[in-house]
Every structure is written in C-alpha cells, then in structure tokens.
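Note sheet for the following structure.
What follows draws every value from the coordinates through simple rules; no lab data is involved. As the structure is a computational prediction, the values presented were derived from the model and not from experiment. Glycine also receives a Cβ, built like all others from the backbone with ideal geometry; neighbour counts cover every protein chain displayed.
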Amino acid sequence: MKSQHCVLRKRKTRFVELFRTTPTNTVCPNFFVLRHAAGCSFSPHCAYCYLKASFWYLDRPHVFTNVTMMLDDVRRWIQRDALESYILNMGNLSDSLVFESVRPILPRLIEVFREEAERPGRPHSLLLVTKGGRRDCQSLLKLPACRNVMVSFSVNNPDAARQYEQGAAPVPDRLDAARRLKASGWRIRIRIDPIIAGYDYDWISDHVRKLAPERVTLGTLRAEASLPRYVAKDLFTALVKPRSGKGLARYPIKKRLALYRRALKHLRPVCPVGLCEETPDVWKALRLNADAKPCNCGC
Ligand code: SF4
C-alpha cells in the first residue's frame with residue numbers, strides 16, 4: 001500500500017554522491033548513490049527500516065522534481081573514469097520504484113544509460129532496488145532491457161513479510177515481477193534480507209534458486225544503535241549489542257552462521273552469493289569470496 005503524502009520539491013545539492021559503506025569492519029563495496037528521493041512511500045514502512053533513524057520526515061518523503069538536473073548529473077558521472085565503483089544505486093535512500101506514479105523518471109533515466117553507457121560500452125551501471133511487485137514494475141516491463149541496468153528485488157519469508165513488510169508488495173508478487181523482467185532480458189539480482197530467526201527460509205531460497213538471478217545477497221536482521229527506539233514491539237530483542245557505538249546489533253554469530261548455511265544449501269550452486277553488512281570472519285567461515293565482494297551493490 002502506498003501513501004501519496006510526499007513532498008515534491010527541487011533538490012539543491014548534487015544528485016550523485018559516493019557512499020562509503022559503514023561500519024568499516026564489514027565486507028561491503030562502496031558505491032555511488034542517486035539521491036532522487038529521501039524516504040519511501042510504502043505504508044506502513046517496513047518494521048526494521050533503517051531510514052526511520054535517518055529521516056525525521058519519513059511519513060512525508062521528499063521527492064525531487066528537477067529531473068533535468070538529475071539526468072545531467074548522471075550523464076556527467078557516466079563520463080568519469082577511474083572511479084572507486086561503477087554502480088549508481090537508486091535504492092539506498094528510498095525504494096527505487098515507488099515514486100514513479102508521482103514523479104516518473106525511469107524511462108528517461110534508463111535511456112541515459114542506454115545511450116551513454118550501454119552503446120559506447122562503458123561500465124557505469126544503474127542499480128534499482130525494490131520490494132515492489134508487478135504494478136510497481138509496470139514502466140520497466142514496457143521498456144526494452146538495458147545491459148547497464150540491474151533490478152534488485154528484496155524478498156523474505158512470506159509470513160515474515162506479512163508481519164514486518166506490510167506496506168510492500170506480497171512476496172509472490174515480487175517474485176512474479178522478477179520472473180517477468182528476467183524473461184524480458186533484464187538483469188535480476190536478489191536480496192534475501194533481513195533473514196529473521198524463527199521463520200523458515202527454505203521456500204524462498206528454493207524459489208530464488210529456480211529464478212536463477214545473476215547474484216544473491218543474504219543478510220540477517222541487524223540494527224544500528226539509533227534504530228531500536230523507532231521500532232515498536234520486540235523485533236530486536238534477540239540481537240546482541242555491538243562492542244562499539246558505531247557497530248551493528250546482530251544475532252550471535254552461531255545463529256547467523258546457521259541461518260546463512262541453510263539458505264546457502266539452495267543458492268551456492270546457482271550464482272555468486274554475498275552477505276550484507278557482515279564481518280570478514282563470517283564470510284570466511286562460510287567459504288564465501290570476501291575479496292570479490294559479490295554483493296547486489298557491487299559491480
Ligand atoms: S521498502 Fe525499503 S525503504 Fe521502503 S520502508 Fe521498506 S525498508 Fe524502508
């Protein structure tokens with residue numbers, strides 16, 4: 001379900017910025033962020049959404065309307081060489097697709113990547129990140145696929161999603177949208193994140209295996225220090241507090257390893273698998289390639 005109470009306004013600062021991932025003891029690639037909006041219109045917001053600790057105005061997300069300036073910034077970024085990353089992530093500060101009905105940009109944005117990156121063979125790529133379903137993907141489904149655009153769907157156990165991701169599309173709808181886009185030639189990545197202890201992840205892992213995306217990222221429930229005060233109920237009570245204030249509260253390492261191993265049984269043979277905001281010891285214990293960092297946010 002979507003809330004239409006967003007604030008439409010012009011952005012005064014740059015749209016494209018480098019994001020260096022934090023906390024620094026995690027194995028995460030850096031990437032560029034397209035700051036096309038601040039907030040998300042899924043209502044209610046996901047229970048664990050980290051934007052709750054970032055934007056006091058989350059109930060009225062800000063959506064930036066100076067699209068020509070945005071596209072000029074993107075064109076300039078595509079012309080740059082020797083970058084730390086060639087990924088432009090459109091989902092770090094918002095779901096990438098939820099504002100298409102109030103401020104449509106995808107057809108023009110993808111055309112920029114087609115003309116300026118795909119055609120001349122440049123590596124710069126756009127990453128769309130969504131918990132949307134078929135309706136949210138309508139405009140994408142009408143466009144021809146572009147090699148320099150990836151669509152990353154976040155999925156979960158359907159019961160966990162009904163409980164904690166109430167505003168987003170139902171999980172079968174997300175999978176259906178992913179399948180249709182893949183069949184049309186779009187590059188599809190999947191995140192199973194956050195894995196929540198007490199739910200079974202065999203069903204969703206098996207569906208992701210059948211979908212055969214180009215990459216999968218797994219993440220377990222986590223929270224930065226400032227988040228729990230915005231989250232009702234007892235979602236975070238099983239997490240262990242970090243040693244430093246800049247770390248993340250997480251499940252104990254044994255529990256995380258068990259949750260990851262269960263999903264990896266289905267997914268390891270299918271495609272490269274990465275972990276979201278995990279520590280090097282966990283990558284090593286699971287025999288995952290921390291040097292390659294094959295995450296959804298990576299090149
Ligand atoms: S879809 Fe993403 S950005 Fe939107 S409420 Fe859920 S976690 Fe937050």
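Quick notes
- Considering only Gly167, Thr220, Ala177, the residue lying farthest towards the positive end of the dipole of segment 159-256 is Thr220, judged by Cα position with unit charges set on Cβ.
- MRE, 222 nm, helices only [DSSP H, n ≥ 4, -39500 (n - 2.57), over the chain, to nearest 500]: -7500 deg cm²/dmol
- Modelled label reach - Asn289, point 7 Å along Cα→Cβ, segment 207-224 residues with backbone N closer than 20 Å: 209, 212-219
- When both segment 105-173 and segment 219-294 are represented by their alpha-carbon centers, they are found 24 Å apart.
- Inter-label distance, Trp203 to Asp59: 3.3 nm, where each label sits 7 Å from its Cα along the C-beta direction.
- Annotation: extensible slack from Glu214 through Ser101 equals 37.8 nm (criterion: 0.36 nm per residue apart, minus Cα-Cα distance).
- Under Karplus coefficients 6.51, -1.76 and 1.60, residue-wise ³J(HN,Hα) of segment 59-71 in Hz, glycine/proline x: 5, 10, x, 9, 10, 8, 9, 7, 5, 4, 5, 4, 5
- Placing +1 on the Cβ of every Lys and Arg and -1 on the Cβ of every Asp and Glu, with no other charges, gives the chain a dipole of roughly 180 debye about its Cα centre.
- Cα radius of gyration and Dmax for the chain (Å): 18.2, 51
- Pairwise label distance in nanometres, Leu143 with Lys10, each label 7 Å out on the Cα-Cβ vector: 2.5
- Packing rank of 187-196, 204-213, 35-44, where each peptide gets the mean count of other beta carbons within 10 Å, highest leading: 187-196, 35-44, 204-213
- Segment 155-217: C-alpha gyration tensor shape, a/c 1.5 cut-off, then a/b vs b/c: prolate
- Interchain or long-range residues, amide H under 5 Å from Ser152's placed H: Leu128, Val129, Thr130, Arg189
- For a 4.7 Å threshold on C-beta separation, the list of partnerless cysteines in the chain reads Cys6, Cys28, Cys40, Cys137, Cys146, Cys271, Cys276, Cys295, Cys297, Cys299.
- Entries of Lys131/Lys182; Lys255/Lys284; Lys52/Lys210 with Cα pairs more than 26 Å apart: Lys52/Lys210
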